[in-house]
1. Dipole of segment 66-107, Cα-centred, from +1 at each Lys and Arg C-beta and -1 at each Asp and Glu C-beta, to the nearest 20 debye?
2. Under 5 Å between amide H atoms, partner at least 5 residues away or on a different chain: which partners does D198 have, H built in plane at 1.01 Å?
3. How large is ³J(HN,Hα) for each residue in segment 148-160, as worked out from phi by the Karplus curve 6.51 cos²θ - 1.76 cosθ + 1.60 (θ = phi - 60°), to whole Hz, x for Gly and Pro?
4. Go through segment 193-199 residue by residue and turn each phi into a ³J(HN,Hα) via Karplus (6.51, -1.76, 1.60, θ = phi - 60°); whole Hz please, and just put x for glycine and proline.
5. Per-residue counts of other Cβ atoms within 10 Å, averaged by peptide: what ranking do you get for 239-246, 275-282, 226-233, highest first?
6. Stretched out fully, how many nm does the piece from E78 to N178 gain, at 0.36 nm a residue minus the Cα gap?
7. Give me the percent of accessible area attributable to carbon and sulfur for segment 92-229, probe 1.4 angstrom.
Amino acid sequence: NEIALFVWIGGCGLALALPILAFAVAGRAFRRITTPLAEVMAAADAVAEGDLSVRVEEDGRSSQFAQLARSFNRMTEELQKSDQMRRNLTADVAHELRTPLHIIQGNLEGILDGVYDPNEEHIEATLEETRMLARLVDDLQLLSQAEAGQLSLHMEAVAVTELLADVETSFSGQAAVNNIDLQVSHEGETADLIVSGDIDRLDQVLSNLVVNALRHTPQGGQVALQALRHDGDVRIVVSDTGEGIPAEELPYVFDRFWRGDPSRSHAGGAGAGLGLAIAKQLVDAHQGTIDVSSTPAAGTRFTISIPAI
């Protein structure tokens, strides 16, 4: 009887303990699930309110929640980078617009106040600033279309020989005036160097590179264009013997509004710093690549690779 009573009491205790234990285990498991989710939800609310610096703890989680935390953190990092780029672009555009607008305003106010005569010189100077503004707007529109994948390209078979000849014709006079040797050479038979592309956009790429090379090459220097075949691609190399680019600045040469010398202005032929950014976007649109190498005081070399046909 005592044994039976002991067994009965033990069974009742076990019957009571098992549900309690089950609830405890379930509660712990529930907390392990809900706590990380609550942290992610709180972080998501912070992002929605504009705090892009928020991050979720990744350590000490199960593999699934650690992966969720990493994905969330990567998302917020990209959002933060995009937001910073947007802020930088807004600041850069405002800076680029400010100078020509101030010149236009100053010239017109000077004419109205009788400080300047409304002669051809002052009117032409004002008109040139409006042209610069128009070019800046056109370049920004081109960049935005290319980055959004909305740039319209008229693809056709383009002979690289013809492309380089057009560039040579366009810039030989400017090179001669500045006493710069502009050389255009081809490797072997050039008739076989054909790419599929928009000839006007490819001409724009090379023109931007040549303009940049001429601008930074001193008198007596050389700017060279070379085309060759390499592993199924056509490579076009634009090199110069100019001032070169410091190694620490090379990663940024294709950024919007980049200039090797921040003190440069539009004076002296310096552009808005969009030419190389446009060149990269146009080459990307042709499924190609563009790379740069440079040695300070020795020159710079841009290499474009586009699939051959």
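1. Charge dipole of segment 66-107: 120 debye, to the nearest 20.
2. E156
3. 8, x, 10, 6, 7, 10, 9, 6, 7, 6, 10, 7, 5
4. 7, 10, 10, 9, x, 8, 4
5. Descending packing order for the listed peptides: 275-282, 239-246, 226-233.
6. 31.5 nm
7. 49 percent
The values are calculated or read from the model by the stated rules, or taken from the named source; none is laboratory data. Here the structure is a predicted model, which is why all the values come from computation and not from measurement. Note that each Cβ is placed from the backbone with ideal geometry, even for glycine, and that neighbours are counted across all protein chains shown. Heavy atoms of the whole protein, side chains included, go into the accessibility calculation; ligands, DNA and RNA do not. Shrake-Rupley method; radii C 1.70, N 1.55, O 1.52, S 1.80 Å.
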